[in-house]
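Some notes on the structure that comes next.
Please treat every number below as a calculation from the coordinates, not as lab data. Everything numeric here is computed off the predicted structure, so don't read it as measured data. Positions of Cβ are backbone-derived with ideal geometry, glycine not excepted, and every protein chain shown enters the neighbour counts.
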Amino acid sequence: MRTLGATRTFIGLTVLGLAAAVLAPSPAAAETASLTVSASVANNCTINTAAISFAPYDPVVANATAALDGEGRVTVACTKGVVPTIALGAGANASGGTRRLASGADLLTYELYQNSGHTSVWGSSGGAVLTPVAAPSRTPRDFAVYGRIAGSQDVPAGTYNDTIVATVNF
């Protein structure tokens, strides 16, 4: 009898195995295709400024012969690798190539420079345009704007202003 019981167990397992094979889904045919994923990154820059606010100009004593210096900032953030150029316009009160601050009809001449030694004028064309190295990252970079009001100007008291347009090209 032992043999018969073992045979029944074997037959039962065989039937179960066949039933599982019949009930299992048969593998379907498969086909593959590639999915392309792409993105583009455009060159871009932003520009912001921090004003130059000169100390009071004293045409009688301190600035009777000496210039008055001040400093502002241009902040530029660009796409990594962009080599921007930064231009500063002539100003709202310019005449010819001379920048001027105005208080009504009264004018006070000044200039903007790329360096603290006041030797590289910062303007809007040619060598007067600042060209920094390529942006190492998108992190904003600050560039000092050095302003200088010439000494020896005989002007009346008042609040003198000008507006400069700063432009980043990329």
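Each residue of segment 62-70 is assigned a 3J(HN,Hα), and the resulting list reads 4, 10, 4, 10, 8, 6, 10, 9, x Hz, derived from the Karplus form 6.51 cos²θ - 1.76 cosθ + 1.60 (θ = phi - 60°), x at Gly and Pro. Okay, which of segment 99-140 sit inside 15 Å, backbone N to the point 7 Å along the Cα-Cβ direction of K80? So the set is 134-140.
The H on the amide N of R99, modeled in the peptide plane, is under 5 Å from the matching H of Y110, each at least 5 residues off or on a different chain.
Relative contact order, whole percent, for segment 45-169 stands at 39, derived from Cα pairs under 8 Å and 6 or more residues apart. The translational diffusion coefficient of segment 45-169, from Stokes-Einstein at 4 °C and 1.567 mPa s with a Kirkwood hydrodynamic radius over alpha carbon pairs, comes to 85 µm²/s.
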